[in-house]
Every structure is written in C-alpha cells, then in structure tokens.
Amino acid sequence: QVQLVESGGGLVQAGGSLRLSCAASGRTFSRYTMGWFRQAPGKEREFIAAINWSGSEAYYADVKGRFTISRDNAKNTVYLQMNSLKPEDTAVYYCAASGGGPPVRSAAYESWGQGTQVTVSS
C-alpha cells in the first residue's frame, strides 16, 4: 500500500480555480491507478476522476471539461486542477490508489488520503 496526503483545498468563489495535490509514499507509485473522489455532507462518496499508469484519464460527467487530473511519477504526486468551480462542487476531496479494478468504483481503491476540504461560495 501507499500512503497519501492531499493538499490544496480551501475557500474559493464560484467561477474560480483550485489545484489539489496528492503526495504518495512508496517506490511503486507509477504502477497505481490514482483517483479523486469527493463527499459532500449527507451524500455518498462519488468518483471524480482517475488516471492510470499510462496516463489514460477518466472523468465523472459533471466535471469533464472543468477538472483535469494529471500525475508526475517522478514526484510521486497526482493533481486535480479544478476550474469554473460551482457551489455544488463543495465537498471533502480524497485521493486514492488502486492496484486494479474499475477505476470509477471506490471498492477498487486500497489506499486513501485523509481528505481536503473544498468550499465554493456563490
């Protein structure tokens, strides 16, 4: 397993941008599919984006075109660039690492970060 630490959350106005980072420990980071999920109060955790070892990306429909996932294997870090933020994007954002399985399913992920709060004001 890898250990994950997210950063970059905060308060932003609607229409603004944030970039989340997730730093991973371990020498096998490049082999993992990395994902971002979010959980708003009273709602279930939902898939946002994922990127596999080859750089192939997948996105939740509601964020496609606004959010971009990327990774830097030399830095053991995955990023989530969030543009055109909306109040409904407010949630705790988690990064996760998967050794295999459907990237949109949280059950496929074996390691999770502690989460970082993103709040978008209207």
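Residue by residue, here is whether (1) buried (at least 17 other Cβ atoms within 10 Å of the Cβ); (2) touching a Leu at 6+ places or on another chain (Cβ under 8 Å); (3) charged (D, E, K, R); (4) free of Cβ contacts under 8 Å to residues at least 40 places away in the same chain holds:
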residue	(1), (2), (3), (4)
Gln39	no, no, no, no
Ile48	yes, yes, no, no
Asn52	yes, no, no, no
Ser56	no, no, no, yes
Give the residue that is modelled with the lowest pLDDT, with candidates limited to residues of region 8-29 that are among the polar types (S, T, N, Q) and loosely packed, with under 14 Cβ neighbours inside 10 Å.
Thr28
Strands (runs of 3 or more DSSP E) wholly in region 22-122 with at least 3 residues that are among the polar types (S, T, N, Q) and touching a strand residue (DSSP E or B) at 6+ places or on another chain (Cβ under 7 Å) - which ones?
116-121
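The values are calculated or read from the model by the stated rules, or taken from the named source; none is laboratory data. For clarity, every value in this text was computed on a predicted model and none was experimentally measured. All Cβ positions, glycine included, derive from the backbone under ideal geometry; neighbour counts span all protein chains shown.
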